[in-house]
1. Given the structure, is Val124 without any contact (Cβ under 8 Å) to a residue 60 or more places away in the chain and surrounded by fewer than 22 Cβ atoms within 10 Å (Cβ to Cβ)?
2. Among the residues in segment 137-151, are any free of Cβ contacts under 8 Å to residues at least 60 places away in the same chain, part of a strand (DSSP E or B) and either over 27 Å from Gly64 (Cβ atoms) or of a type outside the set (Val, Ile, Thr) (or both)?
3. Please verify whether Gly173 is in contact with a strand residue (DSSP E or B) (Cβ under 8 Å, 6 or more places away or on another chain), touching a residue at least 60 places away in the same chain (Cβ under 8 Å) and closer than 30 Å to Gly64 by Cα, treating the condition exactly as stated.
4. Answer yes or no: is there a residue in segment 158-165 that is farther than 23 Å from Ser42 by Cβ and in a loop (DSSP other than H, G, I, E, B).
5. Only one of (1) in a strand (DSSP E or B); (2) surrounded by fewer than 19 Cβ atoms within 10 Å (Cβ to Cβ) is not met by Arg56, so which one is it?
6. Look through segment 166-193, keep the residues that are charged (D, E, K, R) and not in a strand (DSSP E or B), and return whichever of them is surrounded by the most Cβ atoms within 10 Å (Cβ to Cβ).
7. What are the residues in segment 56-95 that are at pLDDT 95 or above and farther than 14 Å from Gly173 by Cα, if any?
8. For the subset of segment 60-101 comprising residues that are β-branched (Val, Ile, Thr) and without any contact (Cβ under 8 Å) to a residue 12 or more places away in the chain, which member is farthest from His4 (Cα to Cα)?
Amino acid sequence: MALHAMWVHGTSVRPEWVHDNLQEVNGATWDSRNQNRAVPWSNVNGLPRGWGATFRGKRAFSTGVGGSITITEFHPEEPFPASQKGYWFHFAIPTPVIVEGIRSQLQRVFVLWEATPNVAVWCVHIYDGINRIATLGTDRTGSGHSDELVEGVTMFTLPTPHEVQRSIGLSVGVAFIQDGEVTFNSAGADFEV
């Protein structure tokens with residue numbers, strides 16, 4: 001068996017929800033003479049650039065009656081049940097399901113990202129087709145770094161290898177504790193084939 005890596009560029013990411021909480025990203029446009037301004041449709045598609053796709057989000061926080069705040073223990077399976085809400089972003093990873101008659105084994109996944117202060121990846125859910133096979137939490141504090149592979153921040157190793165049945169998808173939960181931006185540079189996976 002040999003290690004096989006498959007990656008996609010950050011511009012392939014898709015947001016789960018498109019509504020007024022995702023805002024247009026400021027950037028240069030073809031007619032702006034290098035002046036930054038809100039780029040049309042970047043609230044839907046993100047702002048794709050050579051190094052990835054950037055999304056701008058509003059603070060995602062909800063309060064109950066009379067402004068009450070709900071706080072719960074963090075669980076990666078359901079990361080946003082309390083007042084702090086989040087956004088989901090999705091990557092489809094090219095998947096070598098069977099190589100030379102042998103099913104591949106998923107070892108780990110990667111999400112390379114960076115964000116403004118108070119915006120962070122809180123969890124990564126891994127799917128094999130329609131089946132969620134892992135829910136992995138992060139340290140939920142800092143920014144990812146696009147050039148560093150750090151366990152629990154940009155690299156997520158499965159507790160045990162998973163025999164792939166169909167295709168691998170990554171769902172990335174991002175908390176916007178304040179208004180800010182997240183940029184996805186790339187995502188990938190290591191397979192033993």
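1. No: the conditions fail for Val124.
2. Scanning segment 137-151, I find at least one residue that is free of Cβ contacts under 8 Å to residues at least 60 places away in the same chain, part of a strand (DSSP E or B) and either over 27 Å from Gly64 (Cβ atoms) or of a type outside the set (Val, Ile, Thr) (or both), so the answer is yes.
3. When the stated conditions are applied, Gly173 passes them.
4. yes
5. Tallying (1) in a strand (DSSP E or B); (2) surrounded by fewer than 19 Cβ atoms within 10 Å (Cβ to Cβ), Arg56 fails exactly one: (2).
6. The selected residue is Asp179.
7. Ala92, Ile93, Pro94, Thr95
8. Val65
The values are calculated or read from the model by the stated rules, or taken from the named source; none is laboratory data. Not measured: the values here are computed from a predicted model. We place every Cβ from the backbone using ideal geometry, glycine too, and count neighbours over all the protein chains shown.
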